Amino acid sequence: MSSGESSHLIEDLERLSSAGQIPTSKLQEHAEVVRKNNVNWKSYLQGQMITNEVYEFISKFDTAKPEERTAMLQKNPTQFVMVFRMLMEGISRDQTLQYVLTMLDDVLQADKSRVEIFKDFARKNKENVWQPFFHLLDRDDKFIVYQASRIIAKIACWSKDQMERKHLQSYLVWLKDQIKLPNNEYLLSAGRSLQMMLRINNYRIVFVEVDGISAIVHVLANNPSFQVQYQLVFCLWCISHNSSLAERMNSGNIIPTLADVLSDAVKEKVTRIVLATFRNLIENVEEESVRQEHALSMVQCKVLKHLELLEGRQHQDEDVVNDLKYLLEKLNDSIRDLSSLDEYITEVKSGRLEWSPVHRSDRFWHENAAYLNENNYELLKMLIRLLDTSKDPLVLSVAAHDIGEYVRYYPRGKNVVEQLGGKQLVMQYMMHSDPNVKYEALIAVQKLMVHNWEYMGKTVDMKQPGFSAIPKRA
């Protein structure tokens, strides 16, 4: 069965949402408190902060039963919008504004079609439906901010007409920034709004355009709670339904990050959404070479080994069983005819270098060193970038070793590495605190400096501090 948009994942989200059972966030907890408050609308009338017309409507609507509210909305939808817009724009007291927004959110939640009331009013009056809500995103009170955001998402997703690009771009950039905020106590609320938005294909495209994927990967890489993991991987899963976006999704370190989430997952729903996303990254990609690249990247990131462990467990969820079967078949197929060069390319692109056999093979380097020049030195630049950015001693050791082997087997290698800034990076690791990194950097520098490779190894003084013995390599 395909991990399409009809899967249990979407059904679960809709069911939990309609029942108000999405795992409790700070916003929902606070909303429960807000609903129990009583607003003295009479005092606002006496203080001339609202008109008599507004007072008559809101005081009646506030205490009305659900069926009475429905009747009021049907009888005079224009008055409903006017009253709530006046309250949002005219009331400064945070506690009252919290109450107004929570009441409005509940009204929309009870009937999705009610978002059209706001859209119709804006069209008839040639006004901006978003302005009253966007204005609230700048408030100091975070409950007001995120309750307004929640309403924006509902109007954007439930309306017949999609959000205009200008406002859509602004809102998605805002959401992207919210999920990246350190220690954001309303992170679950931002994630929930983003989940809703990315159900719509056009919204996915714009989110990718504003570099939203890198924000998601950044948060996932910092080991958030399982619920945040689920929400953000759900967002990636939504994006991966678009085949053209799925083809580009391995460029942002997504597969390695998802592989880490999968290996550390303690909740089945997190496992399920990661597997569904992995499946989309293969199944929804039309270009065969990209499908193969994605599959090999998963293999390189130890996904295949983890799938084999998961296969041995009992799973109640049909989606998990089917996705496991699909992924095991595709990943095994991808490595069946894998050449040593394919293996090496996949490993470098994953950024997770280790002492796999190709690194040690003189034959491999003799046959393939020149391949590092392809596509404007793409692989060589990746190795140099890893030296520049990685903090992992294993990655640094292997990258330094490979740059040395490239220089050893490619006649112009020294000049190329120096022009790309690799020589300086390798040299700085000669003073690294890790003995493995120090050793590989020293050997690589000697390859960059000398011509007589046959006797190069003899020039290393193994008795100098830190080199009493060749360090073991994992």
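Results, tabulated for the structure shown:
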read-out: Residue match in segment 405-420 (condition: open to solvent by 10 Å² or more (accessible area, probe 1.4 Å) and at positive phi); value: no
read-out: Segment 295-320 - residue that is open to solvent by less than 30 Å² (accessible area, probe 1.4 Å) and of a type in the set (Val, Ile, Thr) and, of those, nearest to ARG248 (Cα to Cα); value: VAL303
read-out: Check on VAL261, closer than 17 Å to GLN229 by Cβ and in a loop (DSSP other than H, G, I, E, B); value: no
read-out: Among (1) in contact with a Phe, Trp or Tyr (Cβ under 8 Å, 6 or more places away or on another chain); (2) touching a residue at least 60 places away in the same chain (Cβ under 8 Å) - the single one LEU380 does not satisfy; value: (2)
read-out: Test for GLY466: is it at pLDDT below 95 and open to solvent by less than 20 Å² (accessible area, probe 1.4 Å); value: no
read-out: Hits in segment 107-126 (condition: touching a residue at least 40 places away in the same chain (Cβ under 8 Å) and either aliphatic (A, V, I, L, M) or assigned to a loop (DSSP other than H, G, I, E, B) (or both)); value: LEU108, ALA110, ASP111, VAL115, ILE117
read-out: Residue match in segment 246-258 (condition: at negative phi, assigned to a loop (DSSP other than H, G, I, E, B) and among the basic types (Lys, Arg)); value: yes
read-out: Single residue of segment 188-229 satisfying the filter (outside any helix (DSSP H, G or I) and in contact (Cβ under 8 Å) with a residue 40 or more places away in the chain) that is surrounded by the fewest Cβ atoms within 10 Å (Cβ to Cβ); value: ASN223
read-out: Residue ID - farthest from SER193 (Cα to Cα), chosen from residues in segment 132-145 that are out of contact with any Asp or Glu (no Cβ under 9 Å at 6 or more places or on another chain) and open to solvent by 10 Å² or more (accessible area, probe 1.4 Å); value: ASP138
read-out: Every pair of residues 6+ apart whose Cβ atoms lie under 9 Å, when the first sits in segment 152-181 and is within 23 Å of LYS112 (Cβ to Cβ) and assigned to a loop (DSSP other than H, G, I, E, B) while the second is at pLDDT below 95 and small (Gly, Ala, Ser); value: none
read-out: PHE118 aromatic (Phe, Trp, Tyr) and surrounded by 23 or more Cβ atoms within 10 Å (Cβ to Cβ); value: yes
read-out: Unique match (being more than 27 Å from the chain's Cα centre (by Cα), crowded, with 18+ Cβ neighbours inside 10 Å, of a type in the set (A, V, I, L, M) and assigned to a helix (DSSP H, G or I)) among VAL100, VAL129; value: VAL100
read-out: Candidate set: segment 372-404, residues that are of a type in the set (Val, Ile, Thr) and in contact with a helix residue (DSSP H, G or I) (Cβ under 8 Å, 6 or more places away or on another chain); chosen: the one surrounded by the fewest Cβ atoms within 10 Å (Cβ to Cβ); value: VAL395
read-out: Extreme residue, nearest to SER243 (Cα to Cα), among residues of segment 192-230 that are of a type in the set (Val, Ile, Thr) and more than 13 Å from the chain's Cα centre (by Cα); value: ILE205
read-out: Yes/no for ASP62 being in contact (Cβ under 8 Å) with a residue 60 or more places away in the chain and of a type in the set (Asp, Glu); value: no
read-out: Hey, LEU168 under 21 Å from the mean Cα position of the chain (by Cα) and crowded, with 20+ Cβ neighbours inside 10 Å or not; value: yes
read-out: Failed criterion for MET163 (all others in (1) under 14 Å from the mean Cα position of the chain (by Cα); (2) more than 25 Å from ASP140 (Cβ to Cβ); (3) buried (at least 24 other Cβ atoms within 10 Å of the Cβ) hold); value: (1)
read-out: Qualifying residues in segment 230-289 (those that are closer than 14 Å to LEU327 by Cα and among the charged types (D, E, K, R)) - the one surrounded by the fewest Cβ atoms within 10 Å (Cβ to Cβ); value: GLU283
read-out: Of all residues in segment 65-96 being small (Gly, Ala, Ser) and under 22 Å from GLN147 (Cα atoms), the one that is most open to solvent (accessible area, probe 1.4 Å); value: SER92
read-out: Residue list for segment 278-308, restricted to those being among the charged types (D, E, K, R) and either out of contact with any Lys or Arg (no Cβ under 8 Å at 6 or more places or on another chain) or within 10 Å of ALA246 (Cβ to Cβ) (or both); value: ARG279, GLU283, GLU286, GLU287, GLU288, ARG291, LYS302, LYS305, GLU308
read-out: Residue list for segment 344-374, restricted to those being touching a Cys at 6+ places or on another chain (Cβ under 9 Å) and part of a loop (DSSP other than H, G, I, E, B); value: ARG352
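The values are calculated or read from the model by the stated rules, or taken from the named source; none is laboratory data. Quantities reported herein were computed from a predicted structural model and do not represent experimental measurements. Quick reminder, even Gly has a Cβ in these numbers, built from the backbone with ideal geometry, and neighbours come from all protein chains shown. Note: accessible area is taken over every heavy atom of the protein model, side chains too, but ligands, DNA and RNA are not part of it. Shrake-Rupley method; radii C 1.70, N 1.55, O 1.52, S 1.80 Å.
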